[in-house]
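*Asks:* Before I ask anything, let me first share the structure, which is written out below as structure tokens.
The values are calculated or read from the model by the stated rules, or taken from the named source; none is laboratory data. What you are looking at is a predicted structure, and each value in this text was computed from that prediction instead of being measured. Ideal geometry is used to build each Cβ from the backbone, glycine not excepted, and the neighbour counts take in all protein chains shown.
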Amino acid sequence: MTSLAQRTGAKVNFLHPKVVLQLYGYCFELPDCADTQSYPEVERNLYKACLTLNGPYIRQQDHAMADANRLLPTHRLAALALAGTFSDFELVNHRLPNITLLQLIKSVRFFEFIEAEARFQPLLQAFLERFGCQDWPEYFRKLSGVIKPVMQAKKRGRIAVEVTPDADFEANRAFLRHFTLPENMPLDQADFTSLRTTPLCEEEPGTFALVYPVLVLEALHKGLYFQFALANRTLPKGQREPDWRSVYCDLFSEQYLMYMLLDATFRGRGLALSGRAIFDGWQLKGQSEPDYYFRHDNRAVLFESKDVWVNKVAKAGHDFATYLDEVKKKFYEDEEQHPKAARQLANNVKRLLRHKLPFDANFDPAELIIYPVLVVQDRLYNQPGLNVVVNDWFQEELAKLAKEGLPVHNVRPLIIIDADTLLAYHEDFRDGRLVFEDVLEEYVAYLRAPAWAGISVAEDEQRQMQSIHPFALFLENYAEKRGMSGTPKEMLYQILPIINRGVSDEPAQL
């Protein structure tokens, strides 16, 4: 491998995370047996196994790219990028410190949301009893034993957690076993579902190996949905939430977290209305109200929020056509042709330009610049090329509005923004270090950057590649050049004392 790298002048790596996780899943289901190979033999055979699994993975990639070129013939670059990342994007594109901080903040906000509502008290207590915790800050303090080793790791390799052999050994071990792969049970290999929900493996009593660090960190917040769903099933029918998914996706993700972030971004700068405020104040007829609306002078931002999951089988990497169909159901229209995301945004563009949104009509439609923004709750949708595809569906709807005589010349492309990006930079928007509409305008210009006289081959390749970059990547680079790290420090400093609530005479920690 070293020789190949030297000959080609490039980095060589055949241990792709997806292949390694597949191999781990296969090995986990094998029965225990005595060692029959030396360590060098094991190492050599593991490499051979990875090479063997690379074959099907490469064939899947080739098949996906062929399908993408066929299904997206007018967007070849976006097609290739999306086909090459749709099944494993979040496994290979991550910055662990950022993920940790943002997942932590979202988790604390989630518990604050649950704790504040009397109706959720039985559910919260069922969750705490399941984990053997007095309150939810204790839950975080116990979980910190898993998070810290990931954050402190200096190099790649095995990461394990050793439970301290003290009076709380069994209680702490029982806590971590909730996140541990169950023995003698078949794993759900589709999109590594079992590994995502239980990303630890107890090698021996009190020793827990982390299967894959990013899965452990994302379970910090994503896992709460599933853990609370399990707790909900244990409640008596009268105390059970009949639609837990609606509670999590609509009440928390959209009406609590997104409203909080967008209020911080826009309040005091112009007309800023949440979807709930619009619904309560105007009771719009026809298609649903925008999930959030902002206008300052001649620039308006229409928001649509989607907390959706693509079917795990479609995302597993075997069939790009099925995956694209699933995405279209989530972001364009479903099987019953109900409008979703892109169509909903286009419908509200139409109503705005026709002065059919009664909460704001004091503008000239021909002069109004409109930014349609799709907020998603998972960084998975930061895949390169996805924004191009969803915007293409939006442009089809916009063309229909143009035929109706509406002035759509100032409607900007649809932009996908994930909630983590909003969270990371909302304090910069709030405090004026960034202006939301200005950044959107910069992103549109970045996507449409023209070639120039004397452009080199390398520069032209970069210019073309940036046309499929997600907003999250653009903003990260844009803000970094201006001295902003994407860490909401004020909110972070607020939550550390909350996590250590009830712990006396100790410094704030996690």
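*Asks:* Out of R177, R173, R156, which single residue is under 30 Å from Y57 (Cβ atoms) and of a type in the set (D, E, K, R)? Explain how you work it out, then say what you get.
*Replies:* On the way: R177 fails: under 30 Å from Y57 (Cβ atoms); R173 fails: under 30 Å from Y57 (Cβ atoms).
When all the criteria are applied, what remains is R156.
*Asks:* Another question, then. Can you find a residue in segment 226-235 that is of a type in the set (D, E, K, R) and in the same structural domain as A424 (by TED's automatic domain parsing)?
*Replies:* Looking for residues that are of a type in the set (D, E, K, R) and in the same structural domain as A424 (by TED's automatic domain parsing), one finds none in segment 226-235, hence no.
*Asks:* Say whether the condition of being modelled with pLDDT of 90 or more, surrounded by fewer than 21 Cβ atoms within 10 Å (Cβ to Cβ) and polar (S, T, N, Q) is met by at least one residue in segment 267-288.
*Replies:* Checked segment 267-288: no residue is modelled with pLDDT of 90 or more, surrounded by fewer than 21 Cβ atoms within 10 Å (Cβ to Cβ) and polar (S, T, N, Q).
*Asks:* Of R448, R501, which residue is over 25 Å from the mean Cα position of the chain (by Cα), modelled with pLDDT of 95 or more and at negative phi? Step through it out loud before you land on a result.
*Replies:* Numbers: R501 fails: modelled with pLDDT of 95 or more.
Being over 25 Å from the mean Cα position of the chain (by Cα), modelled with pLDDT of 95 or more and at negative phi holds for just one of R448, R501, which is R448.
*Asks:* How about segment 38-68: which of its residues are under 22 Å from A316 (Cα atoms) and exposed (fewer than 15 other Cβ atoms within 10 Å of the Cβ)? Quick ask: steps written out before the conclusion?
*Replies:* Applying the first criterion (under 22 Å from A316 (Cα atoms)) to segment 38-68 yields 49-68.
Listed by number, the residues that qualify are L51, T52, G55, P56, I58, R59, D62, A66.
Residues checked against (1) more than 17 Å from L380 (Cα to Cα); (2) touching a helix residue (DSSP H, G or I) at 6+ places or on another chain (Cβ under 7 Å):
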| site | (1), (2) |
| --- | --- |
| F89 | no, yes |
| L96 | no, yes |
| R109 | yes, yes |
| F113 | yes, yes |
| E129 | yes, no |
| K148 | yes, no |
| G157 | yes, no |
| E162 | yes, no |
| P165 | yes, no |
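*Asks:* Looking only at segment 18-34, how many residues end up being of a type outside the set (S, T, N, Q), in contact (Cβ under 8 Å) with a residue 12 or more places away in the chain and under 22 Å from Q60 (Cα atoms)?
*Replies:* Selection size over segment 18-34: 7.
*Asks:* Residue pairs, Cβ under 6 Å, 6 or more apart or interchain, first in segment 64-92 and farther than 16 Å from V327 by Cβ, second assigned to a loop (DSSP other than H, G, I, E, B). List them.
*Replies:* Listed by first residue and then by second, the contacts come to L77/I468.
*Asks:* Which of (1) more than 16 Å from the chain's Cα centre (by Cα); (2) more than 17 Å from Q464 (Cβ to Cβ); (3) in contact (Cβ under 8 Å) with a residue 12 or more places away in the chain is the odd one out, the single condition K106 does not satisfy?
*Replies:* Condition (1) is where K106 drops out.
*Asks:* Still on this model: Out of the residues in segment 86-102 that are out of contact with any Leu (no Cβ under 9 Å at 6 or more places or on another chain) and assigned to a helix (DSSP H, G or I), which is farthest from A419 (Cα to Cα)?
*Replies:* For segment 86-102, the residue satisfying everything is V92.
*Asks:* Given the conditions (1) under 30 Å from M151 (Cα atoms); (2) assigned by TED's automatic domain parsing to the domain that holds A342; (3) not hydrophobic (A, V, I, L, M, F, W, C), which single one is not true for D263?
*Replies:* Unmet condition: (1).
*Asks:* Restricting attention to segment 178-191, which residues are on the phi < 0 side of the Ramachandran plot and surrounded by fewer than 14 Cβ atoms within 10 Å (Cβ to Cβ)?
*Replies:* P182, E183, M185, P186
*Asks:* Would you point out which residue out of L124, L143, L215, L176 is in contact with a strand residue (DSSP E or B) (Cβ under 9 Å, 6 or more places away or on another chain) and part of a helix (DSSP H, G or I)?
*Replies:* None of the other options fit; the residue is L176.
*Asks:* A follow-up question, please. Quick check on D135: is it over 22 Å from E90 (Cβ atoms), charged (D, E, K, R) and surrounded by 12 or more Cβ atoms within 10 Å (Cβ to Cβ)?
*Replies:* In short, yes.
*Asks:* Let me ask you something else. Since A321 meets every condition but one in (1) in contact (Cβ under 8 Å) with a residue 40 or more places away in the chain; (2) in contact with a Phe, Trp or Tyr (Cβ under 9 Å, 6 or more places away or on another chain), which condition does it not meet?
*Replies:* Unmet condition: (2).
*Asks:* For segment 277-333: of the residues being of a type in the set (D, E) and over 18 Å from the mean Cα position of the chain (by Cα), which is farthest from M260 (Cα to Cα)?
*Replies:* D319
*Asks:* Quick check, is E396 among the acidic types (D, E) and touching a helix residue (DSSP H, G or I) at 6+ places or on another chain (Cβ under 9 Å)?
*Replies:* Criteria met by E396.
*Asks:* May I ask you to list the residues in segment 436-491 that are surrounded by 12 or more Cβ atoms within 10 Å (Cβ to Cβ), among the polar types (S, T, N, Q) and part of a loop (DSSP other than H, G, I, E, B)?
*Replies:* Listed by number, the residues that qualify are S467, S485, T487.
*Asks:* While we're on this one: From the list D460, D438, pick out the single residue that is modelled with pLDDT under 95, assigned by TED's automatic domain parsing to the domain that holds L423 and more than 30 Å from W136 (Cα to Cα).
*Replies:* Of D460, D438, the one residue that is modelled with pLDDT under 95, assigned by TED's automatic domain parsing to the domain that holds L423 and more than 30 Å from W136 (Cα to Cα) is D460.
One line per residue, one yes/no per condition, for (1) buried (at least 21 other Cβ atoms within 10 Å of the Cβ); (2) over 18 Å from the mean Cα position of the chain (by Cα):
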site	(1), (2)
L82	yes, no
R95	no, no
F113	no, yes
E117	no, yes
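*Asks:* Just to be sure I understand, how many residues within segment 414-455 are touching a residue at least 40 places away in the same chain (Cβ under 8 Å) and in contact with a helix residue (DSSP H, G or I) (Cβ under 7 Å, 6 or more places away or on another chain)?
*Replies:* Residues meeting the conditions: 19.
*Asks:* Out of everything in segment 189-211 that is under 21 Å from the mean Cα position of the chain (by Cα) and not hydrophobic (A, V, I, L, M, F, W, C), what residue ends up being nearest to Q22 (Cα to Cα)?
*Replies:* Going through the qualifying residues, I end up with Q189.
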